[in-house]
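Single-structure report; data block below.
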Amino acid sequence: MAVALRAEGIEIPGLEELVASVLFADDVAIVAESEEQLGRISEAWAERWEMLFGVKKCGIMVCEDQELRERVKGTAWHLQGQEVPIVSEYTYLGVTMQEDDGESMSVFQEKQVQRLRTLAGRLRPFLSSKSIPSLVRFRIFRSLVEPIARWGLELIGWSDLSGKLKTAYSQCVKALVGSSSKNTIYSIYCLSLELGVPLLEDLHFMARARAFYKLRSLKTFIAVLMANVGVPYRKLTWTTGVPRYLKTYPKLDLGKPWSEAKVNLGKYLLARREKEYDDRRSVTAWKQARYVNTVGFWKVAIFHSGVAKGVNWVVRARCAGIWTVKRAIEFGLVDATTVGGKCAACMVDLGETPELQHILLDCTKFEEARRVLEGVLGAIPETLPPDDRTRVLLRGSSITAVEGIRFSLGQKWSGANAEGIGEPKLPGFALLAKFCSLVWSWGGVFSE
Ligand SMILES: [Zn+2]
């Protein structure tokens, strides 16, 4: 087809041939410089392929040229006997384009925000379900949420990714651990490390870089355009902007294949996020406790039925994502003078003790529930300070060096290798999950 129309189409700087159409599966975008040319190309299309156009879904859009637009609007356009509407924006392959291009990307992002919000709303009951194992929910996230979030990301400028889009994506991530989208007490970065799901900004970065590497090897005119980046047409285009940005990353060899570049970029992104989120309290605490060594536990929970609910709470406890009275006071949600510094469950004055630590180790209200933890707690030396005991209980490592005890004992003490602790021989995290679900279903005081 493209050959048959070699004499028609628009001129693109850097290309020898004219471009008359852009094709994808059974979608076609015909591009023309004048109304006569548009008529000729679309007729040729229909004749050559005996194509029946779905005219209702078609639209004619005139880009930038105001005079031409007025002329086109003044004419009735027909295709195979049906009138084709004149439109000022058109969604092609899920990306909305506008007649005056300036706002296209923000319109597209706005539509993506709506898509993700709708998805988060629909999937929330599933993603946060307490009866579906975390591994299943994780897979649904990766196969449903991620592809939609990824869609068209490579088109969005380096610094143009909207905050709303990031928030809409975060809603889906937080739903994975049963946390409300309004819960802002913990960092999305911490959660992404814990759950092994990428941040939207990293998906964005990788999408743009990947497109740059891949488009060059396509057998369409895009590859030719990519090879002619020096065309003196516009100072900044996608094909000049992306490599310019990528070159600021010194370890990246643009001549290497994508498979190699991908690894280097992954390392770069990790270092960049570390720096960016370093000052967040939850991230610092997460790193200090070396939870990184035990991130896989919540997926393993699939083998231990009945702990799905509690596993969400364990993840949140590790990421500082649980609301406590102290935090509610800190955030100005509760008046300190009314509740004081007391534990909401046993009414004991907490003083300097962190509430989570008190609940896990000491709260008398949960003494009965704590019996399930006997085996685990018994394995953690009592010589460790309480905050370290808490870390180890949550499958991290102690910070304090204790003579004769190795530093990284979280896994061993909490039965990471499924060696089983106590009765009925479950890994430590499963017992902890049981305890957590007993605590956080108590009277609703702790739910959000
Ligand atoms: Zn208490």
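The numbers here are math on the coordinates, done by the rules we state, and not lab data. No experiment lies behind these values; they were computed from the predicted model shown. Using ideal geometry, Cβ is built from the backbone for each residue, glycine included, and neighbour counts are taken over all protein chains shown.
In what sequence, highest mean first, do 170-178, 214-222 appear when ranked by Cβ atoms within 10 angstrom? Could the numbers behind the result be given before it?
Details: 170-178: 23.7, 214-222: 13.4.
Going from most to least packed, we get 170-178, 214-222.
Where does helix 238-247 land angle-wise versus the long Cα axis of the chain, in degrees 0 to 90, nearest 10?
The two axes meet at around 40 degrees.
Rounded to the nearest 10 degrees, what's the angle between the helix 428-439 long axis and the longest principal axis of the chain, both from Cα atoms, 0 to 90?
Once rounded, the angle reads 90 degrees.
In terms of Cα to Cα distance under 26 Å, which lysines are near enough to residue 262, apart from those fewer than 8 places away along the same chain?
Cross-link targets: 166, 214, 219, 247, 251, 275, 287, 299.
Would you mind working out the magnitude of the charge dipole of the stretch 100-288 relative to its Cα centre, with +1 at each Lys and Arg C-beta and -1 at each Asp and Glu C-beta, to the nearest 20 Debye? Mind dumping the intermediate values first?
Values: 33 positive and 16 negative charges, 87 e Å.
The dipole of the stretch 100-288 has a size of about 420 debye.
With the Cα gyration tensor of the stretch 256-346 giving a ≥ b ≥ c as the square roots of its eigenvalues, does the rule (a/c under 1.5 for rounded; else a/b larger than b/c for prolate; else oblate) give rounded, prolate or oblate?
Working: a/c = 3.78, a/b = 1.65, b/c = 2.29.
Oblate.
Would you mind pulling out the separation of the Cα centroids of the stretch 278-307 and the stretch 351-389, in Å?
18
Give, to the nearest whole percent, the P(r) tail of the stretch 100-288 beyond 27 angstrom, counting all Cα pairs.
So the pairs more than 27 Å apart make up 37 percent of the total in the stretch 100-288.
What residues have an amide H closer than 5 Å to that of residue 20, excluding those fewer than 5 places away on the same chain, when H is modeled at 1.01 Å from N in the peptide plane?
HN-HN under 5 Å from residue 20: 10.
Helix 258-276 sits at what angle to the longest principal axis of the chain, using alpha carbons and giving 0 to 90 degrees rounded to 10?
Approximately 50 degrees, to the nearest 10.
Output wanted: per-residue J couplings in Hz (rounded whole) for the stretch 354-368, from phi through Karplus 6.51 cos²θ - 1.76 cosθ + 1.60, θ = phi - 60°, x for Gly and Pro.
Per-residue couplings from phi come out as x, 4, 4, 4, 4, 5, 5, 9, 10, 3, 5, 4, 10, 4, 4 Hz.
Using a cut-off of 22 Å between alpha-carbon atoms, which lysines can reach residue 73, once sequence neighbours fewer than 8 places away in the same chain are excluded?
Within the straight-line limit of under 22 Å, residue 73 reaches these lysines: 56, 57.
With +1 on each Lys and Arg Cβ and -1 on each Asp and Glu Cβ, and nothing else charged, work out how big the dipole of the stretch 244-354 is about its Cα centre, in Debye to the nearest 20.
Working: 20 positive and 10 negative charges, 128 e Å.
It comes to approximately 620 debye.
Which cross-chain or sequence-distant (5 or more) residues have an amide H under 5 Å from the amide H of residue 348, H modelled 1.01 Å from N in plane?
Answer set, sorted by chain and number: 343.
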